[in-house]
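The values are calculated or read from the model by the stated rules, or taken from the named source; none is laboratory data. Predicted model only: the values in this text are computed from it and were never measured. Every residue, glycine among them, receives a Cβ derived from its backbone with ideal geometry; neighbour counts consider all protein chains shown.
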């Protein structure tokens, strides 16, 4: 439940979802944004892992499109974790509130809004969409960069070689080069140094 907890330097995020593609996308987004640590994604039938997610996370996001929230009742009563429901049916807001889901975003693919809700918890309003916008997340999600390009950009900032990036991301060296060409074009820069510098200046690295 939302408790107005002050944001830590690294916010630990867990996801409960039966949608593997959604879980992968969310992991990629958190990996390219500073200030977040992805604790993992589990389904409701993975009891041991789910216990770990709720124990180790500051915020737990529940994918209401693929998870029966009523089966999570005992977890949702915690005052130590911020619970955010995404997707689902806006007509069930009263039910969500009753079961301990205080923050809600109807579009589970509105990643920027979800991250805003994580970064700026509002303990005084139920189901209020916050107007404060994180510039870092807004640029990362609203730009033309793909999730994979954002991930490559982050590794670029760690001074890894093309081969090292390829090995870490399990892609070919040529694919890395293609991603970098796209990154340079979209960021309007000419080199990896300038790409990293611009990314850091705008706060996405």
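Can you tell me which of 3, 34 is assigned to a loop (DSSP other than H, G, I, E, B), more than 21 Å from residue 111 (Cα to Cα) and at pLDDT below 90?
Numbers: 34 fails: more than 21 Å from residue 111 (Cα to Cα).
Criteria check complete, one pass: 3.
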- All positions within region 8-24 that are surrounded by 15 or more Cβ atoms within 10 Å (Cβ to Cβ) and assigned to a helix (DSSP H, G or I): 22, 23
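Scan 61, 84 and give me the residue that is within 14 Å of residue 18 (Cα to Cα) and surrounded by 17 or more Cβ atoms within 10 Å (Cβ to Cβ). Let's see the steps before the verdict.
Values: 84 fails: within 14 Å of residue 18 (Cα to Cα).
Unique residue meeting the criteria: 61.
Those residues that are in a helix (DSSP H, G or I) and under 25 Å from the mean Cα position of the chain (by Cα), I need them from region 165-177; list them, please. Steps first, answer last, please.
Restricting attention to region 165-177, the residues satisfying the condition of being in a helix (DSSP H, G or I) are 165-169, 173-177.
165, 166, 167, 168, 169, 175, 176, listed by residue number.
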- Query: How many residues are buried (at least 17 other Cβ atoms within 10 Å of the Cβ) and more than 24 Å from residue 74 (Cβ to Cβ) if we restrict to region 36-52?
  - Reply: 1
